[in-house]
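The values are calculated or read from the model by the stated rules, or taken from the named source; none is laboratory data. Not measured: the values here are computed from a predicted model. When we count neighbours, we look across all protein chains shown, and the Cβ atoms used for this are built from the backbone with ideal geometry, even at glycine.
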């Protein structure tokens, strides 16, 4: 019969061995990159995201409240001191693209990358380091606004479509995912959930850079103008009023763009989804001075035709 001290030592050793296995031998699930050109993939997406709803479904989210404005998730800014221009960093890449795009526009010989930028923790840090007054005299403060539907679909495409992830167990079902996003943001606002890096891609844009106090100081610039500078037609294509539900599968579009266009059409053509989406991002439309999206009828056609 083992003594009590021997039993305790044995139990401790077993626990230590289990913890070592968990920490050092854990096999993380490999993220699979999907082949977006697969016909079966688009057929599955079309089946999971029906463009027409059943009677009464348009009222599915009547009880859902709007996500409140001006929660603070990040106050970071980037700047090019010589140009006296700073930008809210809603995303590191976006801030760099806009600032460098502006610099290269006015100076063709300039080379601009992340090393060309200076980074600041918040507005006070920017003011202190550059000895700025309350009016930011001789400086430009920029905010890179994105069309909320464009931004959300881009995130969903990267996080849930291009990569085979669980996405709150919604997989490729955008409506399901949007419901989960509403829940996540509600929990963040009520302080029952902490913000992490994954949240930053879909939290409202008005939650960045002390927008409640600073929105009159910022100049809004449309990120679509800088997203693909080598393709002048791209910004025009991104305009919400240019979404063509009848031309989703144009041959000139890549598989990524075809699926992305389908999801945008899904949001615009489903009254229930558009209602919830507007409640999630209502204050982005108001604060960033973007017209609210309007319901559009999807053309009666089989969107699977011509996928190849």
Which members of region 28-38 meet the condition of being over 10 Å from residue 255 (Cα atoms) and modelled with pLDDT of 85 or more?
32, 33, 34
Residue match in region 103-121 (condition: in contact with a helix residue (DSSP H, G or I) (Cβ under 8 Å, 6 or more places away or on another chain) and under 26 Å from residue 274 (Cα atoms)):
no
Residue in region 11-20 that is buried (at least 16 other Cβ atoms within 10 Å of the Cβ) and either at pLDDT below 95 or assigned to a loop (DSSP other than H, G, I, E, B) (or both) present:
no
Within region 194-210, restricting attention to residues that are modelled with pLDDT under 95 and in contact with a helix residue (DSSP H, G or I) (Cβ under 9 Å, 6 or more places away or on another chain), which residue is nearest to residue 74 (Cα to Cα)?
195
Look at residue 236 and say whether it is surrounded by fewer than 16 Cβ atoms within 10 Å (Cβ to Cβ), closer than 25 Å to residue 124 by Cα and either touching a helix residue (DSSP H, G or I) at 6+ places or on another chain (Cβ under 9 Å) or at pLDDT below 95 (or both).
no
Region 281-295 - residue that is assigned to a loop (DSSP other than H, G, I, E, B) and modelled with pLDDT of 95 or more and, of those, farthest from residue 219 (Cα to Cα):
294
Given the structure, is residue 94 surrounded by fewer than 10 Cβ atoms within 10 Å (Cβ to Cβ) and modelled with pLDDT of 85 or more?
no
Among (1) more than 24 Å from residue 205 (Cβ to Cβ); (2) modelled with pLDDT of 90 or more; (3) in contact with a helix residue (DSSP H, G or I) (Cβ under 7 Å, 6 or more places away or on another chain) - the single one residue 131 does not satisfy:
(3)
For helices (runs of 4 or more DSSP H) lying entirely in region 110-210, having 2 or more residues that are within 17 Å of residue 49 (Cβ to Cβ), in contact (Cβ under 8 Å) with a residue 60 or more places away in the chain and under 16 Å from the mean Cα position of the chain (by Cα) picks out 148-156, 174-189
